[in-house]
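Visitor: The structure that follows is given in the form of structure tokens.
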Amino acid sequence: MKTAILLHGTGGSSENYFWFADTKKYLEANGYEVWWPLLPNTEKPELQETMHYVEQNLPTINENTIIIGHSSACPLILHIVQYFKVKIKQVVLVGGFYKSLNDDGYSDLMLPKSFDWEVIKSKVDEIILINSNNDPWGCNDMQAREPAIKLSATLAIASGQGHMGSLSYNQSYKEFPLLKRLLRVKQ
């Protein structure tokens with residue numbers, strides 16, 4: 001069974017969240033069952049609460065699983081992956097942060113005390129980080145460089161693309177062609 005998991009960021013929803021709806025259709029057209037939940041406390045997510053929710057509701061994962069996250073879902077995904085018992089196919093992290101942002105402590109609520117980079121790397125065949133060089137919240141390519149190096153991951157810099165989905169900055173981002181090109185759905 002091929003499973004894909006889409007996890008939204010702060011303020012997100014399971015209803016038409018930027019490029020998630022289009023990505024879900026693309027994955028389903030390629031034979032994936034897609035889990036796209038509404039995460040708890042979406043306006044001010046907290047790592048332990050969100051992690052507990054995901055652990056309790058996560059569908060069966062295996063070597064064909066792809067996980068995609070946006071913004072605050074990115075540190076959540078890395079934290080959860082390090083506890084997986086099986087190796088998965090691919091993780092794609094879009095507009096994520098891995099260190100505190102200048103945001104009155106909101107980002108700290110989703111950051112673990114530390115990441116076990118080697119363990120995370122051992123649990124995923126391929127990790128891709130996609131960050132822009134002009135993210136308005138600081139989730140930019142500079143934020144992603146260190147994790148990309150520590151994870152031996154690909155870092156794709158989406159030049160001039162902001163947060164790749166933001167109501168505050170009027171980035172509707174209904175489609176995400178770069179993401180589709182990077183997904184390993186046919187392998």
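Nothing in this text is a laboratory measurement; each read-out follows from the coordinates by a stated rule. Please read all numbers here as calculations on a predicted model, not as lab measurements. All Cβ positions, even for glycine, are placed from backbone atoms using ideal geometry, and neighbour counts span all protein chains on display.
Visitor: Looking at the chain, send over the antiparallel percent of its DSSP beta bridges, to the nearest 5.
Guide: Here the share of antiparallel DSSP bridges comes out near 5 percent.
Visitor: Check which residues have an amide H placed less than 5 Å from VAL124's amide H, if you skip close sequence neighbours.
Guide: Under 5 Å from the amide H of VAL124: ILE88.
Visitor: Can you tell me, using C-alpha contacts under 8 Å and at least 6 residues apart, the relative contact order of the chain as a whole percent?
Guide: Reported relative contact order: 21 percent.
Visitor: Given only helices, namely DSSP H runs of n ≥ 4 each adding -39500 (n - 2.57), what is the per-residue ellipticity at 222 nm of the chain, to the nearest 500 deg cm²/dmol?
Guide: -7500 deg cm²/dmol
Visitor: Additional query: Quick one: net charge of ASP103's neighbours, Cβ under 15 Å, K/R +1, D/E -1?
Guide: For residues surrounding ASP103, the net value is -3.
Visitor: Restricting to region 78-187, compute how many DSSP beta bridges are antiparallel as a %, nearest 5.
Guide: 10
Visitor: Follow-up. Whole-Hz Karplus ³J(HN,Hα) for region 113-125, in order, using 6.51 cos²θ - 1.76 cosθ + 1.60 and θ = phi - 60°, x for Gly and Pro?
Guide: Calculated HN-Hα couplings, in order: 4, 7, 10, 9, 4, 5, 5, 4, 4, 6, 9, 9, 5 Hz.
Visitor: Quick check on my link table: of LYS85/LYS186; LYS87/LYS180; LYS87/LYS174; LYS87/LYS150; LYS150/LYS186; LYS2/LYS113, which ones sit more than 29 Å apart, alpha carbon to alpha carbon?
Guide: Checking Cα-Cα distances, LYS87/LYS174; LYS2/LYS113 exceed 29 Å.
Visitor: I've got another one for you. Whole Å is fine, so just give me how far the alpha carbon centre of region 95-145 lies from that of region 8-68.
Guide: First find each Cα centre; the distance between them is then 17 Å.
Visitor: While we're looking at this one, here's another question. So what's the projected area for the chain, the Cα convex hull averaged over all directions, in nm²?
Guide: It is 9.3 nm².
Visitor: So, one more: Pull up all non-local amide H partners of TRP35: gap of 5 or more, or a different chain, and H-to-H distance under 5 Å with H placed in the peptide plane.
Guide: Residues meeting the criterion, in which the H sits 1.01 Å from N, are ALA4, ILE5, LEU6.
Visitor: Tell me, what HN-Hα J-couplings in whole Hz come from the Karplus equation 6.51 cos²θ - 1.76 cosθ + 1.60 at θ = phi - 60° for each residue of region 28-42, using x for Gly and Pro?
Guide: For region 28-42, the Karplus-derived couplings read 4, 5, 9, x, 9, 8, 10, 9, 9, x, 8, 6, x, 6, 4 Hz, x marking Gly and Pro.
Visitor: Still on this structure: Hey, fewest Cβ within 10 Å first, where do ILE77, ILE68, ILE88 land in order?
Guide: ILE88, ILE77, ILE68
Visitor: Short version: ³J(HN,Hα) in whole Hz for each residue of region 172-179, in order, from phi by Karplus 6.51 cos²θ - 1.76 cosθ + 1.60 (θ = phi - 60°), x for Gly and Pro, what are they?
Guide: With coefficients 6.51, -1.76 and 1.60, one gets 5, 6, 6, 10, 9, x, 4, 4 Hz.
Visitor: Same structure, new question: Would you work out the relative contact order for region 81-187, in percent, from Cα pairs under 8 angstrom that are 6 or more residues apart?
Guide: 27
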